[in-house]
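Asks: Here you go, one structure.
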Amino acid sequence: MRTARALLWLMLSVIPLTAAAAGVQVEGVRMWPAPDHTRLVLDLSQPVDHRLFALENPDRVVIDLKDSRFPGSLPALSYEEALIENIRYAHREDNQLRFVLDLNSQVRPKSFVLKPQGEYGHRLVIDLHQPQSKQAAPKVTKSVTDGKPRNLIIAIDAGHGGEDPGALGQLGTREKDVVMAIARKLEAMLKREPGFEPVMIRTGDYYLSLRERVEKARRAQADLFISVHADAFHDRRAHGSSVYVISDSGASSKAARFLAESENSADLIGGVSLDDKEDLLKMVLVDMVQNSTIEDSHRVASEVLGGLKHVNHLHKRQVEMAGFRVLKAPDVPSILVETAFISNPGEERKLRSTAHQTKLARSMFYGVKRYFARHAPAGTVLAERKPQRHRIDRGDTLSGIAARYRVSVSAIKQHNNLSDNMLRVGQVLQIPVI
């Protein structure tokens, strides 16, 4: 009898502890404002049952979490560019936790729970989007109605962002910060160059899915999509720059497969479904367009890779192919540049250098210029620009001509199909516009 009583007492004493342990702990609150939406992330100790609804007058969104506690306090968040004006929370009856988001306008709220992935545990994600009518219409600059030549649209995609930091170096360098710095420098160079108009896909520190990045480039009617990265490999000896184009049939190296898998997993961190299905007709049409686009992607990738070899060691001496989802715009030539391996201690230190970031951006800039000097689409400023001509006089050399017109010797040779440096008096060379 005593044994039975002792067992019963032991069971009763354990029940409150078990119930308490079963409660969900909110371990952190993070917010990422973007131009057209705001993302709020609640870090959780385990999955949670929740309810989400919106209220008006004033506009606010309410999130009720079942059997949950928030033992901490709200961090100092900046609401300056967010759709949220303030966040409040309260513990209610029946162990319910309520968060209230005070808004500065009406929104379309959406929530979903994410499983642990990478460095993150369980998360509840709340996305607040502006109503469609309030979102800025995409800027269309490619259509020409007045007969004037148009600028080339270059979409620059700084990889990762927001709660997705990308790869991390030993010194704590975050890929998302490094590639944004390089992308901004490339943007500035293109802005100063007549005939080009850069469009930044990500303009701040927030998350965009791979599909959203592609769609933003297509809405801008981009002539070229450049995705900038600085990834990691499990072998820290791996080093060098690489340039990739899309491949649906397989990667061209072990590193290419590894990098494609790690980049594509960004959507798992951000919570986007990877199970999109296309009907057969759409797939056929996409493949038809994409086959011709891949050829253009290869050409521009080769030019960019040729520039990078003067700035950094090349991981591979040829353009690589891999299944990066961010390169799958069927009608936009697209390349992905791995500027360096952030997992390599030496290259991480270089990536932290403003001077080295500028060199990397400049090499991409000149690669883009070289490509469009020979492949400018009809109706663009560059297509209308006539190449200069130079008649060879006695004593002329290719290096002297290149210096005079501020182009490279290799560019002149390639543009004129020269196999060597031999010139003859009276010969006429076309000087490429780069």
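The values are calculated or read from the model by the stated rules, or taken from the named source; none is laboratory data. The structure displayed is predicted, hence computed values, not measured ones. Cβ: placed from backbone, ideal geometry, glycine included. Neighbour counts: every protein chain shown.
Asks: For residue 99, all conditions in the list (1) of a type in the set (Phe, Trp, Tyr); (2) modelled with pLDDT under 90; (3) buried (at least 22 other Cβ atoms within 10 Å of the Cβ) hold save one; what is the number of the exception?
Replies: Status for residue 99: all satisfied but (2).
Asks: If you check 110, 115, which single one turns out to be closer than 17 Å to residue 131 by Cβ, assigned by TED's automatic domain parsing to the domain that holds residue 61 and of a type in the set (Lys, Arg)?
Replies: 110
Asks: Same structure, new question: Counting just the residues of segment 400-434 that are loosely packed, with under 11 Cβ neighbours inside 10 Å and hydrophobic (A, V, I, L, M, F, W, C), which one comes out nearest to residue 302 (Cα to Cα)?
Replies: By that ranking, first place goes to 422.
Asks: Do we have any residue at all in segment 23-41 that's of a type in the set (S, T, N, Q) and exposed (fewer than 14 other Cβ atoms within 10 Å of the Cβ)?
Replies: Within segment 23-41 (the criterion being of a type in the set (S, T, N, Q) and exposed (fewer than 14 other Cβ atoms within 10 Å of the Cβ)), the answer is no, since none of the residues qualifies.
Asks: Still on this structure, I have one more. Residues 197, 215, 163: which one is out of contact with any Pro (no Cβ under 8 Å at 6 or more places or on another chain) and surrounded by fewer than 19 Cβ atoms within 10 Å (Cβ to Cβ)?
Replies: Exactly one residue qualifies, and that residue is 215.
Asks: Another question about this same structure. Looking at segment 58-96 only, could you name the residues that are among the acidic types (Asp, Glu), on the phi > 0 side of the Ramachandran plot and at pLDDT below 90?
Replies: The one that is among the acidic types (Asp, Glu), on the phi > 0 side of the Ramachandran plot and at pLDDT below 90: 94.
Asks: Modelled with pLDDT under 90, aliphatic (A, V, I, L, M) and under 28 Å from residue 148 (Cα atoms): which single residue out of 327, 382 fits that description?
Replies: Matching residue, one of 327, 382: 382.
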